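First the structure, in the form of structure tokens, and then the observations on it.
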Amino acid sequence: MVHRVSHLLRENFLWRIALTLDVIVSLLRLPVLLRIHGIPVLLARLGPHKAHASGTELNFNEAVEIVARACNLRVFRSRLFPKLCLCQSLMLYRILSRIGYPVQIHFGVVKDEAGFRGHSWLTLNGEAVADTAPAERFTAVYSYSSARLR
């Protein structure tokens with residue numbers, strides 16, 4: 001019993017490291033991908049693929065935590081990279097859709113005294129996932145579901 005628990009902890013730890021490295025590498029590629037692909041093409045590429053199906057025990061909260069922490073690293077907050085909300089929503093879309101969650105990514109705008117501002121966020125069953133701003137203030141102008149790719 002102790003050996004099995006130890007094995008599960010080690011396996012989960014290794015999976016968390018592998019997922020963290022995967023997210024970091026994907027974030028490093030993101031500025032280039034955003035310049036050469038339109039959003040619909042990029043989302044189709046980031047979405048679920050049969051070859052990437054995961055047999056891991058990683059849960060939803062662990063995946064969200066890993067993505068949020070990686071996106072908040074100082075290097076990804078520089079001018080070279082997109083805003084935090086876009087990085088985080090694209091990476092959450094990528095990871096969560098690939099491990100089987102039917103997520104939907106939204107892109108919205110709001111016009112206020114400062115002018116137009118954009119925001120992106122992810123939802124699961126209509127609930128925002130790790131949102132960086134109050135999404136209800138924004139009017140969604142484009143939404144894309146991982147369910148359409150299954």
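The values are calculated or read from the model by the stated rules, or taken from the named source; none is laboratory data. These numbers come from a predicted model, not from an experiment. Heads up, the Cβs are rebuilt from the backbone with ideal geometry, glycines too, and the neighbour counts pull from every protein chain shown.
Observations, loosely collected:
- Any hit, segment 135-142, residues being at pLDDT 90 or above, in a helix (DSSP H, G or I) and either within 24 Å of L14 (Cα to Cα) or out of contact with any Gly (no Cβ under 6 Å at 6 or more places or on another chain) (or both): no
- Just one of the listed residues (S89, S78, S26) is modelled with pLDDT of 90 or more, of a type in the set (G, A, S) and in contact with a Ser or Thr (Cβ under 6 Å, 6 or more places away or on another chain), and it is S89.
- Residues in segment 111-147 that are among the aliphatic types (A, V, I, L, M), in contact with a strand residue (DSSP E or B) (Cβ under 9 Å, 6 or more places away or on another chain) and either surrounded by 14 or more Cβ atoms within 10 Å (Cβ to Cβ) or without any contact (Cβ under 8 Å) to a residue 12 or more places away in the chain (or both): L122, L124, A128, V129, A130, A133, A135, A140.
- Enumeration of residues in segment 73-97 that are surrounded by fewer than 21 Cβ atoms within 10 Å (Cβ to Cβ) and basic (K, R): R74, R77, R79, K83
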